[in-house]
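Each reported figure results from applying straightforward, stated rules to the coordinates on display, with no laboratory input. Quantities reported herein were computed from a predicted structural model and do not represent experimental measurements. Positions of Cβ are generated from backbone atoms using ideal geometry, with glycine treated the same way; all protein chains shown enter the neighbour counts.
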Amino acid sequence: MRNAVDLPETIPVFPLPGALLLPRAHLPLHIFEPRYLQMLSDALKTDSRIIGMVQPNPVPGRSEKGLHTIGCAGRITQFSETEDGRYMVTLTGLSRFRVVEEIDGFTPYRRCKASWAGFDRDLGDSETDETLDRGPFLSLLSRYFDSRDLSADWDTLKEADDELLVNSLSMMLDFQPEDKQALLEAPSLDTRRETLVTLIEYALRGGGEGDFLQ
């Protein structure tokens with residue numbers, strides 16, 4: 001188990017709208033912009049190989065470069081280069097962090113001073129959701145998938161452990177960035193699942209920007 005004291009105080013951040021990384025989960029990224037190629041190169045030179053994922057939070061009329069205060073850091077665990085110089089990268093989630101301040105510097109990408117306090121749970125073992133009732137949850141999920149004309153490996157979903165099931169769906173489903181942020185900030189797995197259920201039910205009632213069926 002990694003300890004918070006082992007995590008760096010300053011980390012590069014990738015402000016990507018709608019991209020959600022959670023502890024112990026895996027996020028594939030396609031990196032091609034020069035500034036983020038530089039970020040990847042620099043991160044690979046460090047012992048931690050950490051990149052922080054954080055949602056942009058623009059404030060109209062004040063700052064279009066704002067960031068949400070909570071993100072999730074991941075370690076580069078896989079990467080491969082394409083023939084045209086782009087990279088396919090996998091980040092494995094380590095811990096959420098709080099943005100203390102953004103650091104000015106000479107890098108083309110953004111960096112932040114990060115606080116890891118309050119996220120000790122992220123550094124431990126996988127969480128369980130003792131109140132998860134799989135039958136009704138998967139039934140609701142099936143209705144949502146049908147409404148979006150999506151397919152799923154239901155046998156795998158039925159057998160997946162609690163954390164893998166809830167976190168994978170939170171990361172994969174097509175919710176708005178603010179909804180993704182709410183899923184990120186959920187203090188425990190059961191509250192994340194409750195938030196996920198609320199978002200799915202809202203979508204099925206016709207909320208959001210998509211055309212959902214009743």
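By definition, a body whose alpha carbon gyration tensor gives a ≥ b ≥ c is oblate when a/c is 1.5 or more and a/b is not larger than b/c, and segment 134-204 fits this oblate description.
Computed from phi, the 3J(HN,Hα) profile of segment 96-110 under the Karplus parametrisation 6.51, -1.76, 1.60 (θ = phi - 60°) reads 6, 8, 10, 6, 7, 6, 8, 9, 6, x, 9, 7, x, 9, 8 Hz, with x in place of Gly and Pro.
Its Cα centre serving as origin, the chain has a Cβ charge dipole (Lys and Arg +1, Asp and Glu -1) of approximately 680 debye. Evaluated with a Cβ-only charge set (Lys, Arg +1; Asp, Glu -1), segment 4-123 carries a dipole of roughly 280 debye about its Cα centre, given to the nearest 20. Residues whose amide H lies under 5 Å from that of H68, counting only those 5 or more places away or on a different chain, are Q55, N57; hydrogens are built 1.01 Å from N in the peptide plane. Normalised by the number of residues in segment 134-204, the average gap of Cα pairs under 8 Å and 6 or more apart makes the relative contact order 40 percent.
Residues whose amide H lies under 5 Å from that of C112, counting only those 5 or more places away or on a different chain, are I11, V13, I103; hydrogens are built 1.01 Å from N in the peptide plane.
Available extension along the chain between D161 and D47 is 38.0 nm, counting 0.36 nm per residue and deducting the alpha carbon span. Taken about its Cα centre, segment 68-115 carries a charge dipole of about 320 debye when Lys and Arg each add +1 at the Cβ and Asp and Glu each add -1 at the Cβ. Along the charge dipole of segment 134-204, pointing to its positive end and built from +1/-1 on Cβ of Lys, Arg, Asp and Glu, which listed residue (M172, L204, L189) has its Cα farthest out? Result: L204. For S95, the amide hydrogen comes within under 5 Å of the amide hydrogens of A73, counting only partners 5 or more places away or on other chains and with H modelled in the peptide plane. Of the Cα atoms belonging to the chain, the radius of gyration and Dmax stand at 17.9, 53 Å.
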